[in-house]
Structures are given as structure tokens and as C-alpha cells.
There are 2 protein chains.
Amino acid sequence: MPTLATYAPQYRDALLNDVLPFWQKYSPDRAAGGYFTCLDRRGQVYDTDKFIWLQARQVWTFAMLYNRLEARPDWLELARHGADFLQRYGQAADGSWYFSLTRAGKPLVQPYNIFSDCFATMAFGQLSLATGSEAQAELAQSTFHQILARRHNPKGTWSKAVASTRPLKNFALPMILCNLALEIEHLLDPALVESTIDECIHEVMEVFYDPALGLIRENVTPDGQPSDSFEGRLLNPGHAIEAMWFIMDLAERRHNRPLLHRAVDITLQTLDYAWDAEYGGLYYFLDAHGHPPQQLEWDQKLWWVHLETLISLAKGYQLTGRPECQAWFEKVHSYTWSHFPDPEQGEWYGYLNRRGEVLLPLKGGKWKGCYHVPRGLYQCWQVLEGQ
Amino acid sequence: MPTLATYAPQYRDALLNDVLPFWQKYSPDRAAGGYFTCLDRRGQVYDTDKFIWLQARQVWTFAMLYNRLEARPDWLELARHGADFLQRYGQAADGSWYFSLTRAGKPLVQPYNIFSDCFATMAFGQLSLATGSEAQAELAQSTFHQILARRHNPKGTWSKAVASTRPLKNFALPMILCNLALEIEHLLDPALVESTIDECIHEVMEVFYDPALGLIRENVTPDGQPSDSFEGRLLNPGHAIEAMWFIMDLAERRHNRPLLHRAVDITLQTLDYAWDAEYGGLYYFLDAHGHPPQQLEWDQKLWWVHLETLISLAKGYQLTGRPECQAWFEKVHSYTWSHFPDPEQGEWYGYLNRRGEVLLPLKGGKWKGCYHVPRGLYQCWQVLEGQ
């Protein structure tokens, strides 16, 4: 069996010759600022709303590649272009970040979603590394501290739940904080970085991980118990597997081999559970008891789920050499490359039905932008090349 | 071609021998009150949460059949059983209705959703006709007046939109008010009934109907203009067609033949637009410009869309005799009966994928209860038998 290193050029070439040029060509809004993200199959704009998640993620992507891969002026210019728009229009009066803006930057949807703040932190943290801008660094810092202050009640007044009846906490925030603490490490007190990492590892691996299932739950009670409810039974395999490469990064940093192997175990257990044996690919949502989930899109195959899985498997193989990682990488790689890329018009489809047929012919939308595809290609390329 | 009357027994038998007995057998919660609605393929309970929409709709269904079809004591008892639970636990302190409760009746989700109030009004309006209860009649009246007071800002503090940037109004409320005003006519001042009907007909047929498209938009600007945004481009064919039989009922009541024919026209235009020529059935959501909709479930085939369409076509044929109504009825009838009913375990599936395969093997859930199937079967039976 050849090593996985032979795949590295495929990831590099797709990143540099297809995906980045697609977004550089079609996404900049040179008239109003920021990026268009609602791009059809050919890259044409079909909606002009600007979603803070996607604006910030694209800033991060180009700034990160500028910092880590090559100091290309066009990449830095494009990152700054989005950051300018975000700085001008992205924040509400209290410093939190809106969810979406009109093309011109007027607020459309209130700052109900703490992940807008998470992605803004990533964006300005990376960009400040490239530019040395104090203002950008301070924006990343202040937003990060707001996230920490808001973390135990992230939805605040926007929550429709009567919290006292069935209090639940969600996996997404501790999962993202694992990654975010490393992303802006250069801007934080080292003690805060370490305590945040400690807490995130505990939350992800002890609180949300259910040893009886061998899987991570998307929602648990405040003391980490399962809840027999739609939310409590929900499994989001892509989320769980994505978190595992964040944990692998932390385990590597701390030279913690048992933690590394546990992250690989959970990756493999989740794959065994969530792989569609009939049509291939990973399901989007499942119910831990096998009941019908609420999400009507549960059986769809999403781009980000597959890219994040490839990262976790590549890292798992690189760091442990376990043959199951190699075998699963081959399987997921084969499914991903034969289903998601669009060889005719470039870039990748995001949404396939269970059979792997294109469900929405878009290259970008409200949730898909310039982030998971380039990040996944970059991460896999780097990891595979190092093997 | 035989008249559609030959189908009447099929609708009657399914209602009386399959669907109603299924809900009578499996849904009552004799320990805690109210109904279980999360029922798996065999009728077994897989979740015990109680959703106000579905509690109220089931009360309405059994009370309506008691009032209009046959004064069966078991139907009245079951309606009362749900109404008792709703009266005990359903309302917040301000009289608005929660969205969901635990099995025991503790509030889970706040009263953000005005349709909980609409279905509670229907439930207590019908039940008061059967029982003569003043308290139930007053509950229907007071809830109806609360809806009217809240109608121009139905989401209130629960809305995440910055309303001043892109104000939009939604089709669902005027559409439901068309039907609700007739449902509780016996409890309202006649002048209020007529003015509500006038306003609803105007909103549905003039404001939300887009003559350039020949279709009804799900959201428009406050002055009835299209908005080139995800919400503004959204089409919900099932909603539009369901509203058309409400309008036909109003047109018949007012002996307004032009209005009747316009409702039939819009039904037929929507069918032409939303029918899946490849796999059959009606799409769930579409974008008026043909762009990708936000809803990942856009191509799924839902039970209620098809039942409401059968009602509109049956009424349209009965009232106008137009042959297109007959032809479309045959086509939708054939698709519906060959895909949704479960001949082995009874009742109907709710959610099919684009190809018409079962997507979720449930008979009831968070949104599917004892309502669209029995109402559709009852309405079609009555209309078809009269032809």
C-alpha cells in the first residue's frame, strides 16, 4: 500500500489552482466592500447579503495562507478588503457581531449567534499577525473576552427555551474554543490559553463524549448527562470528527499520547456509526437511539463533514500511524473527490442528497463560503506531505 | 371519464377505518394527559414532548368530526382529554400559548409562535360548539383577539431581524386568518367576521399574489412589493394551494364567482410550477428566480402539501367543473395514494425524499400529528361524495 503522501499534490493543486482563484475571481465586492458568498455553479452572484460567519472566515483563510504558506500580496489585500468591511459595519453597539448585513453593510439579523464573534476573533487574530495592526489585535482580544463572558448563556435574550425546564448545553462552543485559543494564542495571557485548553479538553472528551455510546452528543445537561429529548439524542458526526483534529492538535502540543489515541478512537467510532453503508458518505445528523431526527436534511452528504473528516484521519495517521486511519482516509478521500469537486466550473459543491447527487448547484451560500474547502485542502496537503 | 365521486369511499374508509383509529389507539397519554404525537411507524411513542400546535390540532380534529360528522362519545372524550391538558398547562401568564411542553406540562419553549394561538383558537372554538362550554368559548374568543392585536408584529421580541432594514411580512398569518374567522364565526361579532374576511382576501389575493409570476410569494414588503432576498424569493407551493381552498370557501359563502375562478387559476398555476416532472409530487420550497433556496429540504415530498392540494382540486372541480381540476386531481390522487399511506402498519408517512422514498419512517413528530391527514380525507370525502 502506498503511503498517503502520494495524495499531497492533489490537495495542493486543488487549493492553489482551483479553489483560491475561484474565490479571488468571483467573491470580492469591489463596489460595496466585503465578499459576495452566494455564488452559483459558475461563480455568478445570486444574492448579495453578507453573512458575518462567511465574511470573517474568508478574511481568516487568506490571512492564514499569507502567514503560513506564502506572503502573497494579493492574498493579504483580499483579507484586508473583507476586514475593512467587517470593521466598518460588523458590530452592534455593545461590540457583539451581527449575524448578517445587507450588501451595503446595514444590519439585517441581530447578534444572536455567538459564532459570528468566534469567526471574527479568528479573522482579526490571523490578520493582525500579517499586518502587525494593534487595532486588529485588540479587536480579536476584546471579541474573545466577550465570548468568554457570554459562554455560559450564549443565546442570551435570543433563546426561545424556558431554560429552567430542560437546561442543555451545546457542543459547538467548547469545540470551537479548543481551536480558537490556539488561533489567537499570540494575543492572550499564557495562563488563560492553558486554562481555556484544559477546560475545552475536559468538556469535549469527558462531558460531551458519552462512553456508553462511544460517541459525542451534540447537547447534554449542565452536569454532562444525556437528555432523552430530540436535542439530547442528536448526533452531529461532522462536528464530532472536526473536534477530534482540534484535540489532536492540543494533544500534540502537550505531548499527551493517551489523549491523542482517544481522539483517534472517537474519530474511528464516529465513522463506523455514521458512514452510509448503502450509498457511501457520512450522514449529516443522526439520533442516538435510532429514532427519526427532527432535521429533514439528516441523510444529506455535506462538503464540510467530509473535509473535516479527511483532516482528522490524515492527522490521526501522521501522529499514530494506525492502519485504520489510513484505510478510512482512502475510503473517505475516494468518496469526497468523486462527488464534491466540479471539474467543469471549478470549486466544490456543498450539498448532495443521500445518493451523492447534487442537491443545490451552488458553490457558496448562506453557510458555505471560502473556508472548509481551502482549510481542508491546506491541512491535508501539509499533513500528507509530511508523511 | 368517471366522475371523481367514485373516489369518495376510499377517502371515507381511510379516515374511519385507518387514520382515526390509529390516533385513538396510540396517541392518548392516559397518565399525564394530552396526546403523544411522536409515534413511530408502528404507533409506538419515541418522544414525549407535547407541541401546542399538534395538541390543539388534534382537539380540533376530533371536535370537528363530532360536530360535523357524527356525535360519537369517544371522539368527544378524546377532544376533551386534549383540551383539559391545554387548559391546564398551555398558556403563559399573558394568555399567549407556549410552543411546547414536557410530557407533564411544564413549559419548554416560549410563546414565540403565533400559530400556537391560532390552533388553540380553532380547538376551543370547535370544542365549545360540541360542549356548550362558556369557558371554552371565551378562551377561543380571547385568544383570537390576542392574535389580532399581535398580528402586525407576530414574533415580537422573539424576532432576530433588524426590522427597519428589510421589513417583510409573511403569508402564513393572513392565510390562516381566512380559515380561522369562519371556524369561530359563531363566537364573533358579524361585522368583525366580515371585515377580517375582507382583509384576508385582499392580503392573499392582491398583496401576496404576484401577477408577474402568477404565484403567491411567502414574504413581501409591507406595501406588497417583491424583495430580492432569500425570504422574498421564497415560494411555498403547499401553503399557496392550501390558502386557495380557504379562499374558495369564502368565495362560495359570498357567491363571488370571479374570486372562485381566480383561486382555481392560482391553484393550477402553482401546480404547473411546483410539480416535479421527473419523479412526480410537489416540491416543498422553490426560489422564484430559480436560485438555490436556503431550505435543504426543498425537494422533499410532504404529506400535507399533497392532501391540501387534493382538497383545493376537489373543491375547485365541485364549484367550477373545470376539467383541469379533474385531470390534476387524478394525477395528485394517484401520486398521493401510491406513496404516503402505509398499508402494513397503518396511517401515512409524512416525509418522502424527492424520489418518493420514505425519508423518516414516523407517523407523527414535532410537526405531523392528527390533522392534515384526517382533515384532508374528511374534506375530500365530503366534496367528492357531493359531486
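The values are calculated or read from the model by the stated rules, or taken from the named source; none is laboratory data. Bear in mind the structure is a predicted one, so any value in this text is a computation, not a measurement. Neighbour counts are summed over all protein chains in view; Cβ atoms, including those assigned to glycine, are modelled from backbone coordinates with ideal geometry. Side chains are part of the model used for accessible areas, which takes the heavy atoms of the whole protein and leaves out ligands, DNA and RNA. Shrake-Rupley method; radii C 1.70, N 1.55, O 1.52, S 1.80 Å.
What to note about this one:
- Candidates A:GLU218, A:GLU206, A:GLU231, A:GLU194: the one that is in contact with a helix residue (DSSP H, G or I) (Cβ under 8 Å, 6 or more places away or on another chain) and open to solvent by 10 Å² or more (accessible area, probe 1.4 Å) is A:GLU218.
- Meets criteria (touching a residue at least 40 places away in the same chain (Cβ under 8 Å), crowded, with 23+ Cβ neighbours inside 10 Å and either within 14 Å of another protein chain (Cβ to nearest Cβ) or under 29 Å from A:MET122 (Cβ atoms) (or both)) for A:GLY356: no
- Sole residue being under 30 Å from B:GLU134 (Cα atoms) and outside the structural domain of B:ALA140 (by TED's automatic domain parsing), chosen from B:HIS202, B:HIS261, B:HIS255, B:HIS186: B:HIS186
So that you can scan it fast, the table gives a plain yes or no per residue for (1) farther than 26 Å from A:LEU148 by Cβ; (2) away from every other protein chain (no Cβ under 14 Å); (3) crowded, with 20+ Cβ neighbours inside 10 Å:
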residue	(1), (2), (3)
A:ARG42	yes, no, no
A:GLN55	no, yes, yes
A:THR61	no, yes, yes
A:ASP74	yes, yes, no
A:GLY82	no, yes, yes
A:SER96	no, no, yes
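- Looking across A:TRP298, A:TRP304, one residue alone is in a helix (DSSP H, G or I), within 14 Å of chain B (Cβ to nearest Cβ) and open to solvent by 10 Å² or more (accessible area, probe 1.4 Å). It is A:TRP304.
- Count of the range B:282-293 residues, restricted to those that are farther than 13 Å from A:LEU359 by Cβ and either more than 18 Å from the chain's Cα centre (by Cα) or within 12 Å of chain A (Cβ to nearest Cβ) (or both), is 6.
- Of all residues in the range B:359-387, exactly one satisfies the criterion of being without any contact (Cβ under 8 Å) to a residue 24 or more places away in the chain and open to solvent by less than 10 Å² (accessible area, probe 1.4 Å), namely B:LEU360.
- Scanning the range B:264-282 for residues that are surrounded by 22 or more Cβ atoms within 10 Å (Cβ to Cβ) and either outside any helix (DSSP H, G or I) or not assigned by TED's automatic domain parsing to the domain that holds B:PRO237 (or both) yields B:GLY281, B:LEU282.
- Test: residue in the range A:177-190 that is under 23 Å from the mean Cα position of the chain (by Cα) and within 20 Å of A:PHE285 (Cβ to Cβ): no
- Among the candidates B:LYS50, B:LYS25, residue that is free of Cβ contacts under 8 Å to residues at least 60 places away in the same chain, in the same structural domain as B:LEU182 (by TED's automatic domain parsing) and basic (Lys, Arg): B:LYS25
- For the range B:98-114, a residue qualifies if it is open to solvent by 10 Å² or more (accessible area, probe 1.4 Å) and either touching a helix residue (DSSP H, G or I) at 6+ places or on another chain (Cβ under 6 Å) or not hydrophobic (A, V, I, L, M, F, W, C) (or both), and the qualifying residues are B:TYR98, B:THR102, B:ARG103, B:LYS106, B:PRO107, B:GLN110, B:PRO111, B:TYR112, B:ASN113.
- The set of residues in the range B:98-120 being in contact (Cβ under 8 Å) with a residue 24 or more places away in the chain and farther than 12 Å from B:TRP53 by Cβ consists of B:THR102, B:ARG103, B:ALA104, B:GLY105, B:LEU108, B:GLN110, B:TYR112.
- Only one of A:PRO21, A:PRO111 that is more than 14 Å from chain B (Cβ to nearest Cβ) and either in a helix (DSSP H, G or I) or touching an Asp or Glu at 6+ places or on another chain (Cβ under 9 Å) (or both): A:PRO21
- Hits in the range B:217-236 (condition: in a loop (DSSP other than H, G, I, E, B), in contact with a Pro (Cβ under 7 Å, 6 or more places away or on another chain) and over 18 Å from B:HIS152 (Cβ atoms)): B:ARG217
- Any hit, the range B:21-31, residues being charged (D, E, K, R) and buried (at least 21 other Cβ atoms within 10 Å of the Cβ): no
- For the range A:125-138, the set of residues classified as free of Cβ contacts under 8 Å to residues at least 60 places away in the same chain and out of contact with any Leu (no Cβ under 9 Å at 6 or more places or on another chain) consists of A:GLY132, A:GLU134, A:ALA135, listed by residue number.
- B:SER229 fulfils the conditions (1) of a type outside the set (A, V, I, L, M); (2) closer than 22 Å to B:GLY90 by Cα; (3) within 14 Å of chain A (Cβ to nearest Cβ) except for a single criterion, (2).
- Annotation: of all residues in the range B:286-299 being touching a Gly at 6+ places or on another chain (Cβ under 9 Å) and touching a residue at least 40 places away in the same chain (Cβ under 8 Å), the one that is farthest from B:PHE329 (Cα to Cα) is B:GLN294.
- Filtered by the rule that a residue be assigned to a helix (DSSP H, G or I), within 14 Å of chain B (Cβ to nearest Cβ) and of a type in the set (A, V, I, L, M, F, W, C), the range A:135-187 gives a lone residue, A:TRP158.
- Options B:LEU313, B:LEU259; residue that is among the aliphatic types (A, V, I, L, M), crowded, with 20+ Cβ neighbours inside 10 Å and touching a residue at least 12 places away in the same chain (Cβ under 8 Å): B:LEU313
- Conditions (1) loosely packed, with under 15 Cβ neighbours inside 10 Å; (2) in contact with a Lys or Arg (Cβ under 8 Å, 6 or more places away or on another chain): number failed by A:ASN17: (2)
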